[in-house]
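Taking it in order: structure first as structure tokens, then the write-up.
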Amino acid sequence: MKDRLSELVEYFSVPAFVVCLKEGVVTASNSLALRTYGTGFMRGRKIKINALCEVMAPPVCVRITDKEPYVKLKECPRDDSKFYLVKLSDNVIIGYEAVFENADRVGTNSSLLRISELKREPVKPFHLNYVYYIASGKWMFSRPETLVELGITRDVEQLIKKGWRSVVHDEDLPLYDNTFNNAIRHGGSHEMHYRIKRGGKDGCYPVSDYCGIMCPDGKWPVLTGSIICNPLSDKNMFNAERQVLTGRLLGGMIHDFKNLLGGIRNVIEWSINISEDPKVVDALQKTLGYTDQATELIIGTLRLNTGEMDTKVEKINLAELVLGLEGLISRIIPSSTDLQIFAPESVPPIYGQKSLLQDMFLNLCVNARDALKGHDDVLEIVIETEHLQDDNGQEQEYLALSVRDNGCGMSKSEVKHIFDAFYSSKENGAGLGMWMVKNAVCSFDGRIEVDSEVGVGTVFKVLFPVVDNSERFIMDPGSLNRVKEDKICYADIISSDTNKTILYIEDNMLVSTSVRTWLESLGFRLLFADDGIKGKELFDAHQDRIDLVIQDYVLPGIKGDDLLAYFIGTRPDIPVIIVSAENDEDCTQRLFNLGACDMIRKPFKMEDLLRSLTRILNKS
């Protein structure tokens, strides 16, 4: 009986739970109970009920009197109740959130209202067309009964006489009047967003009004429009737009942080080379390691915020990708969470878009994080090979990626809809994360399995078909360990004549200061500009004695590729090194086609820049 009840409460549309009276514990609950009233209703938790219940008698009303150290329920009047309790046997009680008849809820599919809905009744989507006769000032609506059902008015005739303006929220009248009058006077199509009052009820309907002037043959012009109310869709759109805007703002900030970290790194490298104190050198080397960790974290975050998707299909090492993102994952989950990653020493390759796979994996991790309960949390990531039977009964090898959490779990009905677009069990969720995961899995010709239990946790398993088992990626145990950096040996790197003149163009002062310090100390003569226009002017004035140009790609004044094209067009023999935080392969190829000799990614090690300088100057 307990097992059957456990399955039953999962299909309740309200928070529900089952209690074993003999043991005084919750034996089952649905995810709505956990999300609405907390983990006190989790399976196995102690619970005390102070109410007189009889087997198969009418429900008893109870309220919550305590949640700590365990939930306590006490019998109370109906108006104060949170739950109904029904005693099914001497030992079993089932409880569910109280619902009341709601006489004012006209026009909805149900006349029952949950307790948690009493404070804020949800808005039902609706669509309404109207015509406003400009000459007579009269209104006509496509479905007048809708206005009554929604509680906007009790008398449609009165609304027609007063006009639609009479139901517009007072605070939104200036916007409405301005757009309405503009449409009447100047014609054209218009869109406005405002609220309409709910006829004596608390709250209002947020609507979108699309209107325009029409001129029927031989008749006076009329204003026609459509009023649409779909709060959930509007909220999803708003959240999506806000996320895009936030991503763009973060992308710009992260780009600046990359430049700052690059400058800091170059200064530390310089300090290591001039210091004679071993303790200072050791401390600086540790600091250099910290900046590299911060740089990797920022690069991972920046990759997520770029709007462009890498469409290149490539051979991917799944274990390397997951381990490479460990630092980013550890920062998006609570510090108290036990993050466990298990990967074999060798894995077969999978084929697809690397950026798509990365986004899919991070979405699964974020989803797991949101499900965690806040104590004794575990996020486990496992990579392993599995052999399953295909449709023909033959064995097929898969590379499996599992993401497991011990969070609140999901009911069977939630699992059924988890991959639907705009479906979310979170209050402010956009409902697109798992939908994107499903599409990403399909693009790899894979499949995804979900195993979830309320109060226990969830496992998402992605199965990638192995195409070529003869090739394996072998993981190097030391590949992810950080190596202490030694002092840069000038003699090993600078093998060319340093009595050369370099034009250096960089708008970030921290980066430029450290690089200039390095180059001048090595004997190079430097011409410096902090924007594209000044750089072009210096080039024009000293082009005969400039031996090499180092320029940033993103510069104020002149675009980096335009500046490069000008340098090469004026002096085809001039070597140009581009320094940039851009990671776009098409952009890189375009710069090489324009004539760039090398491209160095920010943030860079000074050793890389010095080696590039030596190679290019030796050639020339």
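The values are calculated or read from the model by the stated rules, or taken from the named source; none is laboratory data. None of these values were measured; they are calculated from a predicted model. When we count neighbours, we look across all protein chains shown, and the Cβ atoms used for this are built from the backbone with ideal geometry, even at glycine. Side chains are part of the model used for accessible areas, which takes the heavy atoms of the whole protein and leaves out ligands, DNA and RNA. Shrake-Rupley method; radii C 1.70, N 1.55, O 1.52, S 1.80 Å.
Annotations for the structure displayed:
- Among the residues of the range 270-328, those that are at pLDDT below 75 and closer than 22 Å to Pro349 by Cβ comprise Gly300, Arg303, Met309, Asp310, Thr311, Lys312, Val313.
- Only one of the numbered conditions (1) assigned to a loop (DSSP other than H, G, I, E, B); (2) over 40 Å from the mean Cα position of the chain (by Cα); (3) over 23 Å from Met214 (Cα atoms) is violated by Ser166, and that is (1).
- Qualifying residue in the range 201-211 (condition: open to solvent by 20 Å² or more (accessible area, probe 1.4 Å), under 19 Å from Trp139 (Cβ atoms), acidic (Asp, Glu) and at pLDDT 85 or above): no
- Elements of type strands (runs of 3 or more DSSP E) contained in the range 403-513, each with 3 or more residues being of a type in the set (A, V, I, L, M, F, W, C), at pLDDT 85 or above and over 30 Å from Lys534 (Cβ atoms): 457-465
- Of residues in the range 71-125 being at pLDDT 50 or above, hydroxyl-bearing (Ser, Thr, Tyr) and in a loop (DSSP other than H, G, I, E, B), the one least open to solvent (accessible area, probe 1.4 Å): Ser81
- Residue pairs meeting the criteria (Cβ under 9 Å; at least 6 apart or on separate chains; first in a helix (DSSP H, G or I), in the range 28-41; second aliphatic (A, V, I, L, M) and open to solvent by 20 Å² or more (accessible area, probe 1.4 Å)): Tyr37/Ile64; Gly40/Ile64
- Subset tally (residues that are closer than 20 Å to Lys258 by Cα, of a type outside the set (A, V, I, L, M) and either in contact (Cβ under 8 Å) with a residue 40 or more places away in the chain or assigned to a loop (DSSP other than H, G, I, E, B) (or both)) for the range 592-608: 5
- Condition check for Ile383: buried (at least 17 other Cβ atoms within 10 Å of the Cβ), β-branched (Val, Ile, Thr) and at pLDDT 90 or above: yes
- Residue that is modelled with the highest pLDDT [pool: residues in the range 559-590 that are in a helix (DSSP H, G or I), open to solvent by less than 30 Å² (accessible area, probe 1.4 Å) and closer than 27 Å to Ala294 by Cβ]: Gly560
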